[in-house]
1. Can you flag which of LYS62/LYS134; LYS312/LYS340; LYS62/LYS312 are past 21 Å Cα-Cα?
2. Would you mind checking LYS50/LYS255; LYS106/LYS262; LYS37/LYS101; LYS213/LYS255; LYS50/LYS153; LYS106/LYS144 for any pair whose Cα atoms are more than 26 angstrom apart?
3. Using per-residue counts of other Cβ atoms within 10 Å, averaged over each peptide, order 96-109, 49-62 from highest down.
4. With +1 on each Lys and Arg Cβ and -1 on each Asp and Glu Cβ, how big is the dipole of the chain about its Cα centre, in debye rounded to the nearest 20?
5. Which stretch or stretches of the range 314-334 have amide N atoms under 12 Å from the point lying 7 Å from ALA342's Cα along the Cα→Cβ direction?
6. Averaging over every viewing direction, what projected area does the convex hull of the Cα atoms of the chain cover, in nm²?
7. Give the lysines whose C-alpha is closer than 16 Å to that of LYS141, dropping any in the same chain fewer than 8 places away, or say none.
8. Take the alpha carbon atoms of the range 121-138, find their center, do the same for the range 276-353, and report the distance between the two centers in whole angstrom.
Amino acid sequence: MTTLTKTEDAPAPTGPESFLSVRDLRVQFSTEDGIVKAVDGLSFDIERGKTLGIVGESGSGKSVTNLTILGLHNPRSTTVDGEIVLDGKELVTASDKELEKLRGNKMAMIFQDPLTALSPYYTVGRQLSEPYMKHMGASKKEAKDRAIQMLEKVGIPQPKVRFDDYPHQFSGGMRQRAMIAMALMCDPELLIADEPTTALDVTVQAQILDLLKDLQQEFGSAIIFITHDLGVIANMADDLLVMYAGRAVERGTVKEVLGTPKHPYTWGLLSSMPRLDGDIHQELTPIPGTPPSLLNPPSGCRFNPRCAYTDKVEGDLCTTARPPLADGRAAACHLTAEQKQAIFIDEIQPRLR
Ligand code: ADP
Ligand code: MG
């Protein structure tokens, strides 16, 4: 084989603007029951200063994707393939040491469950200030001041006193806020927020979202935001990625995906979620069936067993061929562009109004 051929086979170069680029990511877990194909050929990009929203039913691979970006998967039971490039640095092949360093100041995550991030054995203050000293070269006093300031920003009352508390002395909501403070301590350039505000009341939630926006404005940080709340997506995100069973099925700007969704799964998802205007009379229609087992997922399009439109597609494409997701605004579905538009206008749009 000549080197020329090799160049031709190389993946498309990452655009200069892409701060995080994920290419054909595959994450598999070896379990007693077999191999779980949790993420199966996922690609997306984020630019600096932008927020990417990710939506999808529970089990679609949102958390696994993001834990993998941070390198927090268990290397013994997990196989990771593909590319994750953060600001020019390849993360899939990076060493534990390199990843640990990046997790300190370059990227941080707000977890779904605060107990994932907070250790029960150390005070909250210590857990906030130690990484700051280590990664920013700050003194103990500087780190303490910064931690108290961050605790105050996330709405912890009496932050000076609370600095010395252990996580178990905090309520659930306060633990979540402390974890958010921890993620923001070192002004991360990539912040991953995995359903960060689900347990918080609306006032605190608004406060936290403002904090994330401040971070973004000041440092041009890129944010990945996972949530079931379309209002939060519309408020926070620039682009939206819809995931189903470990794959991206639709992508576009938030306006495009929420305004004129193109994938039958997105149609189902939007019909099953409360709309942005909070109309309590709106009827929610759940998607029939359940997400597939990722031990033995359906062939072709993974959504085909639950899709109402497979009979409109010629032959057995839906059950045999994986529909590709093109670049930019796209939906991975075998329906033609005309079919998608006609179905959306005739059947879906009236339901979403
Ligand atoms: P989401 O965050 O979208 O709700 P996850 O990313 O947590 O979904 O999970 C994706 C799939 O991977 C699920 O089917 C889940 O059961 C599976 N999974 C996650 N972690 C593991 C693990 N450590 N071992 C085996 N399966 C896992
Ligand atoms: Mg999750």
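Coordinate-derived values only; no laboratory data. Predicted model only: the values in this text are computed from it and were never measured. Note that each Cβ is placed from the backbone with ideal geometry, even for glycine, and that neighbours are counted across all protein chains shown.
1. Numbers: LYS62/LYS134 30 Å; LYS312/LYS340 10 Å; LYS62/LYS312 30 Å.
Pairs exceeding the cut-off: LYS62/LYS134; LYS62/LYS312.
2. Details: LYS50/LYS255 14 Å; LYS106/LYS262 35 Å; LYS37/LYS101 29 Å; LYS213/LYS255 19 Å; LYS50/LYS153 22 Å; LYS106/LYS144 21 Å.
Cα-Cα > 26 Å for LYS106/LYS262; LYS37/LYS101; rest within.
3. Details: 96-109: 17.4, 49-62: 21.3.
Highest-to-lowest ranking by the protection proxy: 49-62, 96-109.
4. Details: 38 positive and 47 negative charges, 150 e Å.
It works out to roughly 720 debye.
5. Output list for this probe position: empty.
6. Working: hull surface 82.7 nm².
Approximately 20.7 nm², given one-decimal rounding.
7. LYS160
8. About 46 Å separates the Cα centre of the range 121-138 from the one of the range 276-353.
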